[in-house]
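Colleague: Let me begin by handing over the structure; questions about it come next.
The values are calculated or read from the model by the stated rules, or taken from the named source; none is laboratory data. Nothing here was measured: the structure is a model prediction, and the numbers come from that model. Note that each Cβ is placed from the backbone with ideal geometry, even for glycine, and that neighbours are counted across all protein chains shown. Only protein heavy atoms, including side chains, enter the accessible area calculation; ligands, DNA and RNA are left aside. Shrake-Rupley method; radii C 1.70, N 1.55, O 1.52, S 1.80 Å.
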Amino acid sequence: MTLTTERTALINVRVFDGHRLSEPRTVVLDGQVIGTDATGARSVDADGKVLLPGLIDAHIHLHGVETLEHLTSWGVTTGLDMATWPANLVDSLRSVDGLTDIRSAGLPVIGPAGPHSHFGMPPEAVVSDPNAADSFVAARIAEGVDYIKIVLEAPGAGGPEPAVAQATVNAAHRYNKKVVAHASSVGAYALALEIGADFITHVPNGDALGPDIVATMLAQAKVAVPTLTMMHALADHRGNIDSFAAASRSVGDLHRAGVPILAGTDASVPPEGLPHLVVHGDSLHHELELLVAAGLSTTDALQAATALPAHYFGLTDRGVIEPGMRADLVLIDGDPIADIRATRNITQIWCAGVEHTPATRNDTSPRTS
């Protein structure tokens, strides 16, 4: 990492504009933002390489500063955390100079007996009374969260009761906060739609969502973060890789219907005793490959990790390469529109103008499934 934000002019670089690659041009990095004036800038010849906006992983879990280092080294310059506690840990990882910028849900709402009740969460994560939902949300707001997370389960599987889930969404919306709902089963997905969650993260293995749920997602203008990387890893870990076909099919159905799809991985450092299924950084590139295998075009997949999460999560200063935006940039050798795997061929990274050399690659992850 080079801890300097001197003015730099990248010349002879092809820019991904959200739809296509430009002819070779010049992009100016002026401190932490993209500028227009190359006067006095250090000149770097990109030799026709491709410049992407910094990638955004729309579903991670934080662990420590090493989380940010791993993300940055793979060109993931923004991470949207979907459950990390305590609040002082989250605070310590906000706005770390030169490393991945984060947003966080802090502590999520869980049920009294679902799988997440065994993940070592503090007692206040369990909300059993609808009347307690407002105080839970207020406490998260006081901690500075960016959105609210609720972990839904299939009916009878120990997740929050529907009345609690509804009260949580209502409280969050009163505070002008969006709600991200964990839903890894068809029943949980249906509940997420019933209570009006804004984002639904994960997509079920084994059972496709079906046309009614897909149509409701579109009609209610909901956004999907399917985390295919995690669903693939879970299917493989459980010895039932064939079940992943339903998850991939659901993503294709959602996309063809016009439901926005965001790239997220569910990368985490799990509690001791649980398998480490998805690593930070590398996994987002696998997610792009799985999205393409599910039916997204390469351009759609790139948007799912750049402009779309920036738009839907209100990150108005990133996601595209334009003057005035954050200088979050990834330089790659290859054409990702022709082959999405080219996103792995990173030669340089800038995170708010701070230059990084990518990590040494030891790429053994599967390409598509």
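Colleague: Which percent, nearest 5, of DSSP beta bridges in the stretch 1-105 are antiparallel?
Modeller: Bridges in the stretch 1-105 that DSSP calls antiparallel: roughly 35 percent.
Colleague: Would you tally the net charge around A305, using a Cβ to Cβ cut-off of less than 11 Å, leaving A305 out, and scoring K and R as +1, D and E as -1?
Modeller: Surrounding charge for A305 is -3.
Colleague: Quick one: how many lysine pairs does the chain have with C-alpha atoms less than 25 Å apart and a gap of 8 or more or different chains? Give me the count, please.
Modeller: 5
Colleague: So, counting K/R as plus one and D/E as minus one, what does the shell of residues with Cβ under 12 Å around A192 add up to?
Modeller: Summing Lys/Arg as +1 and Asp/Glu as -1 gives -1.
Colleague: Still on this structure, please answer the following. What dipole magnitude, in Debye to the nearest 20, does the chain give about its Cα centre under +1 on Lys/Arg Cβ and -1 on Asp/Glu Cβ?
Modeller: In total the dipole reaches around 380 debye.
Colleague: A154: net charge of surrounding residues, Cβ under 15 Å, Lys/Arg +1, Asp/Glu -1, itself excluded?
Modeller: With Lys, Arg at +1 and Asp, Glu at -1, the neighbours total -4.
Colleague: Can you tell me what share of the DSSP beta bridges in the chain is antiparallel? A percent to the nearest 5 is fine.
Modeller: Expressed as a percentage, antiparallel bridges in the chain total about 45.
Colleague: What dipole magnitude, in Debye to the nearest 20, does the stretch 162-303 give about its Cα centre under +1 on Lys/Arg Cβ and -1 on Asp/Glu Cβ?
Modeller: For this selection, approximately 480 debye.
Colleague: From the residues P86, A219, S73, which one has its Cα farthest along the dipole of the chain in the positive direction, the dipole being from +1 and -1 charges on Cβ of Lys/Arg and Asp/Glu about the Cα centre?
Modeller: Positive-end residue among those listed: A219.
Colleague: Ordered by packing density, taken as the mean number of other Cβ atoms within 10 Å over each peptide's residues, highest first, how do 225-231, 35-41, 159-165, 341-347 rank?
Modeller: For the peptides 225-231, 35-41, 159-165, 341-347, the packing ranking is 225-231, 159-165, 341-347, 35-41.
Colleague: Okay, moving on. Taking only protein heavy atoms and a 1.4 Å probe, what accessible area per residue, in Å², does the stretch 183-318 have with all protein chains in place?
Modeller: 34
Colleague: Okay, next question. For Q348, list long-range residues whose amide hydrogen, built 1.01 Å from N in the peptide plane, is under 5 Å from its own amide hydrogen.
Modeller: Here the answer is L331, since their amide H atoms fall under 5 Å of that of Q348.
Colleague: Summing -39500 (n - 2.57) over the DSSP H runs of n ≥ 4 in the chain and dividing by its residue number, what mean residue ellipticity at 222 nm do you reach, to the nearest 500 deg cm²/dmol?
Modeller: Value at 222 nm, helices only, nearest 500: -8500 deg cm²/dmol.
Colleague: Here's another thing I want to ask about it. How high is the relative contact order of the stretch 98-215? Use alpha-carbon pairs under 8 Å, at least six apart in sequence, and give a whole percent.
Modeller: 24
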